[in-house]
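Single-structure report; data block below.
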Amino acid sequence: MKCEIIIDPQGEEKIIIHAKEKTKLIEEIENMAKKDSQDFFGYKNSEIIKLDPKDIFLLTVIDNKIYALCQNEKYLMKERLYSLEERLPGYFVRINQSCIGNIKKMERFDTSISGTLKIRFKNGYSDYVSRRQLKIIKERIGI
């Protein structure tokens with residue numbers, strides 16, 4: 001398979017694939033392109049704010065509502081956590097049933113004698129990793 005990349009600051013971003021048939025690789029490229037192009041919108045008071053996934057520290061459930069926590073702000077999200085998880089870039093990981101975190105925004109990992117792992121984010125928020133997600137998170141962060 002040949003690959004050609006053209007960088008044009010004034011051009012429209014698009015991906016064109018010429019193939020004889022649709023393969024698993026093409027489907028993965030298509031899914032990555034869709035994930036990267038989808039927008040996230042948060043609500044605060046009467047404002048609707050477009051959120052860049054790079055600025056989101058974590059998505060969590062607080063009082064049965066889903067919030068995106070950024071540096072110093074908290075935005076209400078109008079989607080379910082599982083549907084947000086499907087659209088998030090690869091540097092997000094499920095921490096527990098009610099939290100998805102940005103690996104790049106994690107600051108500290110505290111372990112206890114009982115084997116639990118507590119993640120502290122750069123914005124000060126912390127949460128515990130569920131036993132079900134422990135192995136996945138350790139692999140993703142390289143512990």
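The numbers here are math on the coordinates, done by the rules we state, and not lab data. These figures come from a predicted structure and were not determined experimentally. Don't worry about glycine lacking a Cβ; one is built from the backbone with ideal geometry, like all the others, and counts go over all protein chains shown.
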Legend entry - Among GLY124, GLY115, GLY11: highest mean-square fluctuation, GNM of the chain, C-alpha pairs under 10 Å: GLY11
Inset, instruction - Please turn the phi angles of region 101-112 into ³J(HN,Hα) values with the Karplus equation 6.51 cos²θ - 1.76 cosθ + 1.60 (θ = phi - 60°), one per residue in order, whole Hz, x for glycine and proline. - result: x, 8, 4, 5, 9, 7, 10, 9, 10, 9, 10, 10
Inset, instruction - About the Cα centre of the chain, how large is the charge dipole given +1 on each Lys and Arg Cβ and -1 on each Asp and Glu Cβ? Please answer in debye to the nearest 20. - result: 680 debye
Legend entry - Spatially proximal aspartates and glutamates relative to LYS138 (Cα-Cα < 20 Å; intrachain offsets below 8 disregarded): GLU85, GLU107, ASP110, ASP127
Inset, instruction - Within 10 Å, count the other beta carbons around each residue, average over each peptide in 71-82, 129-140, and list them highest first. - result: 129-140, 71-82
Inset, instruction - May I have the extent of the alpha carbons of the chain along their three principal axes, as whole Å values ordered from largest to smallest? - result: 54, 41, 26
Inset, instruction - Would you list which aspartates and glutamates come within 12 Å of LYS105, measuring only between C-alpha atoms, while excluding same-chain residues fewer than 8 positions from it? - result: ASP55
Inset, instruction - Evaluate the distance, in nm, between pseudo-label points positioned 7 Å from the Cα of LYS122 and of GLU47 along their respective Cα→Cβ axes. - result: 2.1 nm
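Counting alpha carbon pairs within less than 8 Å and at least 6 residues apart, what relative contact order, in whole percent, applies to the chain? Each step should come with its number before you reach the end.
Numbers: 179 pairs, mean separation 21.3, N = 143.
Contact order relative to length: 15 percent.
Helix-only estimate, please: 222 nm mean residue ellipticity of the chain, summing -39500 (n - 2.57) across DSSP H runs of length 4 or more and dividing by its residues, to the nearest 500. Please list the in-between numbers first.
Working: 3 runs with 32 residues, N = 143.
Mean residue ellipticity at 222 nm (helix-derived): -6500 deg cm²/dmol.
Calculate, in nm to one decimal, what LYS22 and ASP63 gain on full extension: separation in residues at 0.36 nm each, minus their alpha carbon distance.
Numbers: separation 41, 0.36 × 41 = 14.76 nm, distance 4.38 nm.
Between LYS22 and ASP63, full extension yields 10.4 nm more.
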Inset, instruction - At 0.36 nm per residue, minus the direct Cα-Cα distance, what do GLN97 and GLU30 gain on full extension? Give it in nm, one decimal, please. - result: 21.3 nm
